[in-house]
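The values are calculated or read from the model by the stated rules, or taken from the named source; none is laboratory data. Remember, it's a predicted structure, so these values are computed and weren't measured experimentally. Neighbour counts run over all protein chains shown; Cβ positions are idealised from the backbone, glycine included. The accessibility values were calculated without ligands, DNA or RNA, using every heavy atom of the protein model including side chains. Shrake-Rupley method; radii C 1.70, N 1.55, O 1.52, S 1.80 Å.
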Amino acid sequence: MNAGPIYTVEGVTKVYRTGEVEVRALRGVDIEIGAGEFIVLLGPSGSGKSTLVNILGGLDTATEGKVFFRDEEITGFGDRELTKYRRDHVGFVFQFYNLVPSLTARENVSLVTEIARDPMDPGEALEIAGLPRDRHDHFPAQLSGGEQQRVAIGRAIAKKPEVLLCDEPTGALDSKTGIRVLEALAQVNRDLGTTVLVITHNMAVGRMADRVIHFADGTVARIEENEKREAPASIAW
Amino acid sequence: MGVLDRKLMRDLVRLWAQVAAIALVMAAGVMTLVLAVGAQRSLFETREAYYERNAFADIFATATRAPERLADDIAAIPGIASVETRIRENAVLDIEDMLEPASGMLVSVPDDGQQVLNQLSMRLGRLPSPGHPAEIVVNEPFANAHGFEPGDTLSAIINGRKRALTIVGVALSPEFIYVVPDLMPDDRRLGVVWMSQTALAAAFDLDGAFNAVSVKLLRGQPPEPVIDEIDRLLEPFGGRGAHDRDDQQSHAFLDAELTQLQAMSYVLPPIFLLVAGFLVNMILSRLIALEREQIGLMKAVGYTGAGVAWHYMKLVIVIALIGVAIGIAAGTYLGRGLTRLYGDFFHFPFLIFRLSLDVYVIAITVSVAAATLGALRSVRAAAALPPAVAMRPPAPARYRRLFGGGLPFISLLPQTTVMIGRNIVRRPLRSLFTSVGIALSVAVLVGSLFSLDAVEEMIDITFFSAERQHATISFVHKLPADALYEVERLPGVMAAEPARMVAARFRNGHLERRLSITGKPAGSNLSRLLDVDRQEVTMPREGVVLTTALADILEIGRGETIEIELMEEHRETVQLPVSAIVESYIGLGAFMEIEALNRLMREGPSISAVHVTTDASQIAALYEAVKNLPMVGSITLQRASVAKFRETMAENLTMMVTIYVALAGIIAFGVVYNGARIQLSEQGRELASLRVLGFTRGEVSWILLGEFAILTVAALPLGWLLGYGMAYSTAEGLATEMFRLPLVIERSTYAWASVVVLVASALSALIVRRRIDRLDLIEVLKTRE
Ligand SMILES: Nc1ncnc2c1ncn2[C@@H]1O[C@H](COP(=O)(O)OP(=O)(O)O)[C@@H](O)[C@H]1O
Ligand SMILES: [Mg+2]
């Protein structure tokens, strides 16, 4: 499964300028992420986790440094190439599910499968994400938070992306629901071989990862490797 | 300034583009109102003042030859303030700088220069002095068209004799604010020529007699009894029936123009205010939805519902006032311009500009009311929000499956298209109003630009299907039928057809109209009769043919019998069947077969005019001949007039098209821009999420703008329909006895109206598209709606 790194990050910095104020969100990040890995990003609020993931996902651009997706340097991409890159390779899951309220669960997934190269069936994706079949034709307004997040995961995996980037996917959920969502992510990683990156505040979540990257002050503080990944169900918080 | 007012200012600044779009729509409404009412009143005031200062008469009558002593009898009629007898005749004018002959209207002025009625406003020079029969005064537009000044000369064929005349003065008259030679205005070709009474009397053998009389009534005196009395007195002297100002050409034409301005002030402003009210409604309900939490906070700290409502009302009122201010400024400025334009077109010695303060007040009231009404629903909802509910985010929007999910093909549509469909259906009223707003913009264009089609159609029918002659030569008196051959022999005449005119009075019960019967040969090929379907009608050998307008006025139909009082020669009253009804857009008309008419007059074959077609290569020779033909009283050059008319039209066209395109563009732009901005505010988050998922800018824009594309396209047919309705009421409203617009709308007019609106919508969509392109992808992921 480990066919070389899927991401290579070299000396990436990010500076936000809002008027006079300069915020250095990333101060030189160097990491490699292997294909098929399950990575957890831990760190205090404001340490730059989201900024890094957004750059990896092609939502934002680095101020300095290079990011390679396999052999391609995505830091050199323009808007059109970034859009294509996101469309073809990346799946996103966010804290606020960002579903389209005017589309049903299944349609929200179809939205992506219609533009993907080799998608799975929307129903199948929802099933993998753990949404009961009788909910597939509900609108977001008719679903609970956990169900909405599972739709978001279904939508993210339906195009069979190489990476799944998740920014605090359980942040808005209670622990029981949160665990189900994490289980869905673990299953995707295991069954589809998708590389998964999960940002969280929760130390305990780190135990289900291959590696835990600790973030502080815009750089990688340390990297922790787990001998053995634990099942989400055994994680308590 | 309170904190809330500061918030209001900042809201206005932040929403400036939308505020401007709404204010512009309002401004357009206010502008048309102020412009139309301002110009209408200024013109009306100017005309009234002019009439007053120059003692414009109330009643006009003509006769063949009435003795001067009759003036005293007329003056003795109760209700009459003053009387002036005159001589009025026609002449052919021969002007050096002009190849073709011009028409002259000869009007006498008293020898002592003391005009009682219809006084001249001298612009240059002086009145003719007694004892100088060759001295004349001409009207200013005619003088200007030829560069005439006092001292210049021209020739005229007066009663069959060519005479050299010297211009001693240039003047304007309330009687000739607007004059047209051949149904079409052409200042070059029509001169009003004032001469001394003695000189004209000598020329027309009218010593001690008159053939025209004007009368001024005492204030409050109704004209009808006086008209009857004058008719009775003039009857033995060939009276052709007295009439009031309504039948006076210049007055009636000006009246029609004033009516048109008034119609403009009734029709257009409500459309703009309606649209503006709808836009206010949209923007405010969105603003209040976004500020729910703030409203809750305001209430929690002790603001009353009314206080909150007033805060939002103030915003709306400020928008309305911005619109009114722009509208009043533009309307007043353009109103002056329009009045000046009318002042040039019509001929006044002075212009009075009326500032209509009451209209300003009306404009402010109506605009604020429209905006307030538009805002009412959402403001009431804001006032009623309980603080606790207001602080919670609104429940997520509920969507329904299209057609209850029962249509299988919907699952085959791309999801982006399904999103568009559901968004349209989710807010049916908003979608409907958006479409109606866009449709109104199409309608404004169709309903105004159709008049170009109508005028073109009118010209086409009148001058190329019905009156196909190139010119009409009218004689001073009726002549034996042989005169036709004399005209035929003139150089350049290709075909000639006789016509005979007899003054008459038509009666059906209490309904009555005065107009000439025109006799035409049965097989006439130049001056033809057409039915309502434009098919040629052969002149029936029996009975009389009426135009639709005349038949409507007299409430008479084909096959019925009409009473005709012939007002020349034997003055008999006859009963004739109406044998056909024909269509005509200019004036009223009644026709008979020429021989039947001559029989009715108990006369041998006689004619009073000849219609001719001409050979363009010999036109100079023909004009030269006509200028020297004693029997010619006047000449009408239909072809030359049409060309001149088209030229004038083309000049006005650009301005008219620009104005209406701008007005329609403002509506379409306002509706689509505001709609798209609000939609963007509601859906921005959703769209940004789609961008994150890998949708391109184009795909994402389509979801939002596609909705407006669909609503715009759906609006077109409705706009065409509403435009047709507007055109219909415009045509009806403008119809006068002199002039009617055929209700013709070319397909190209519908097409152009649609193109203009599509372009305006596309432009506003493009501006919003730029905002969609700049959507912040990361921002939406951080915050909850
Ligand atoms: N768009 C932005 N403009 C300015 N500063 C930003 C922006 N996005 C993030 N930041 C700043 O960058 C730093 C890192 O933010 P972020 O990556 O969101 O941290 P984390 O996800 O670890 O909480 C923070 O100080 C944040 O305030
Ligand atoms: Mg973050």
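Residues of segment B:466-489 being more than 17 Å from residue B:739 (Cα to Cα) and open to solvent by less than 20 Å² (accessible area, probe 1.4 Å), which ones? Full working, then the answer.
Step one: of segment B:466-489, the residues more than 17 Å from residue B:739 (Cα to Cα) are B:468-489.
Across segment B:466-489, the qualifying residues are B:469, B:471, B:472, B:473, B:475, B:483, B:487.
The residues in segment B:560-588 that are at positive phi and either surrounded by 18 or more Cβ atoms within 10 Å (Cβ to Cβ) or under 35 Å from the mean Cα position of the chain (by Cα) (or both) can be counted, and the count is 1.
Mind checking which residues of segment B:46-102 are open to solvent by 10 Å² or more (accessible area, probe 1.4 Å), outside any strand (DSSP E or B) and small (Gly, Ala, Ser)? Selection gives B:49, B:55, B:71, B:75, B:76, B:79. Residues in segment B:537-559 that are surrounded by 16 or more Cβ atoms within 10 Å (Cβ to Cβ) and in a loop (DSSP other than H, G, I, E, B): B:539, B:540, B:543, B:556. For segment B:587-605, the condition of being modelled with pLDDT under 90 and closer than 30 Å to residue B:749 by Cα holds for at least one residue.
Take the residues of segment A:170-182 that are outside any loop (DSSP other than H, G, I, E, B) and more than 16 Å from residue A:155 (Cα to Cα): which is nearest to ligand 2 (Cβ to nearest atom)?
Among them, the one singled out is A:178.
Would you pick out the residues in segment A:43-65 that are within 16 Å of ligand 2 (Cβ to nearest atom) and more than 22 Å from residue B:689 (Cβ to Cβ)?
Residues satisfying the conditions are A:43, A:44, A:45, A:46, A:47, A:48.
So that you can scan it fast, the table gives a plain yes or no per residue for (1) farther than 30 Å from residue B:449 by Cα; (2) open to solvent by 30 Å² or more (accessible area, probe 1.4 Å):
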residue: B:670; (1), (2): no, no
residue: B:673; (1), (2): no, no
residue: B:676; (1), (2): no, no
residue: B:680; (1), (2): yes, no
residue: B:699; (1), (2): yes, yes
residue: B:709; (1), (2): no, yes
residue: B:714; (1), (2): no, yes
residue: B:721; (1), (2): no, yes
residue: B:727; (1), (2): no, no
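In this structure, does residue A:68 turn out to be of a type outside the set (Gly, Ala, Ser), open to solvent by 10 Å² or more (accessible area, probe 1.4 Å) and either at positive phi or away from ligand 2 (no atom under 16 Å from the Cβ) (or both)? When the stated conditions are applied, residue A:68 passes them. Listed here are the helices (runs of 4 or more DSSP H) enclosed by segment A:100-169 that have at least 2 residues being within 12 Å of chain B (Cβ to nearest Cβ) and either open to solvent by 10 Å² or more (accessible area, probe 1.4 Å) or within 16 Å of ligand 1 (Cβ to nearest atom) (or both): A:105-113, A:145-157.
Taking segment A:18-41 as the range and being under 11 Å from residue A:220 (Cα atoms) and near ligand 1 (Cβ under 10 Å from one of its atoms) as the test, the residues that pass are A:26, A:41.
Report yes if residue B:661 is part of a helix (DSSP H, G or I) and either over 30 Å from residue B:28 (Cβ atoms) or open to solvent by 20 Å² or more (accessible area, probe 1.4 Å) (or both), otherwise no. Walk me through how you get there before you give the answer.
Details: part of a helix (DSSP H, G or I): yes; either over 30 Å from residue B:28 (Cβ atoms) or open to solvent by 20 Å² or more (accessible area, probe 1.4 Å) (or both): yes.
So residue B:661 fits the description; yes.
Checked against the criterion of being crowded, with 21+ Cβ neighbours inside 10 Å, away from chain B (no Cβ under 14 Å), in a helix (DSSP H, G or I) and more than 16 Å from ligand 2 (Cβ to nearest atom), the candidates A:205, A:188 yield just one match: A:188. Of the candidates A:40, A:9, the single residue that is in a strand (DSSP E or B), buried (at least 17 other Cβ atoms within 10 Å of the Cβ) and within 16 Å of ligand 2 (Cβ to nearest atom) is A:40. List the number of the failed condition for residue A:92; all other conditions in (1) part of a strand (DSSP E or B); (2) more than 16 Å from ligand 2 (Cβ to nearest atom); (3) facing chain B (nearest Cβ under 8 Å) hold. (2) is the only condition that residue A:92 fails.
Selection of segment B:682-697 for residues being open to solvent by 10 Å² or more (accessible area, probe 1.4 Å) and of a type in the set (Val, Ile, Thr) yields only B:696.
For segment A:47-62, the condition holds for at least one residue, the condition being that it is closer than 23 Å to residue A:170 by Cβ, in contact with a strand residue (DSSP E or B) (Cβ under 8 Å, 6 or more places away or on another chain) and away from chain B (no Cβ under 14 Å). Any residue in segment B:152-164 that is outside any strand (DSSP E or B), open to solvent by 30 Å² or more (accessible area, probe 1.4 Å), in contact with a Gly (Cβ under 7 Å, 6 or more places away or on another chain) and not β-branched (Val, Ile, Thr)? No: zero hits.
Considering each residue of segment A:51-64, count those that are closer than 17 Å to residue A:195 by Cα and either near ligand 1 (Cβ under 10 Å from one of its atoms) or of a type in the set (Ser, Thr, Tyr) (or both), and give that number.
Of the residues in segment A:51-64, the ones closer than 17 Å to residue A:195 by Cα are A:52-58.
Applying the additional criterion that residues be either near ligand 1 (Cβ under 10 Å from one of its atoms) or of a type in the set (Ser, Thr, Tyr) (or both) yields A:52-55.
Total meeting the criteria: 4.
Across segment B:727-780, the qualifying residues are those that are within 16 Å of ligand 2 (Cβ to nearest atom) and not in a loop (DSSP other than H, G, I, E, B), and the one among them that is modelled with the lowest pLDDT is B:780.
A single member of B:432, B:351 is at pLDDT 85 or above, assigned by TED's automatic domain parsing to the domain that holds residue B:671 and either open to solvent by less than 30 Å² (accessible area, probe 1.4 Å) or of a type outside the set (Gly, Ala, Ser) (or both), and it is B:432. Of all residues in segment A:15-36, which are more than 16 Å from ligand 2 (Cβ to nearest atom) and surrounded by fewer than 17 Cβ atoms within 10 Å (Cβ to Cβ)? Scanning segment A:15-36 gives A:15, A:17, A:18, A:19, A:20, A:21, A:22, A:27, A:28, A:30, A:32, A:34.
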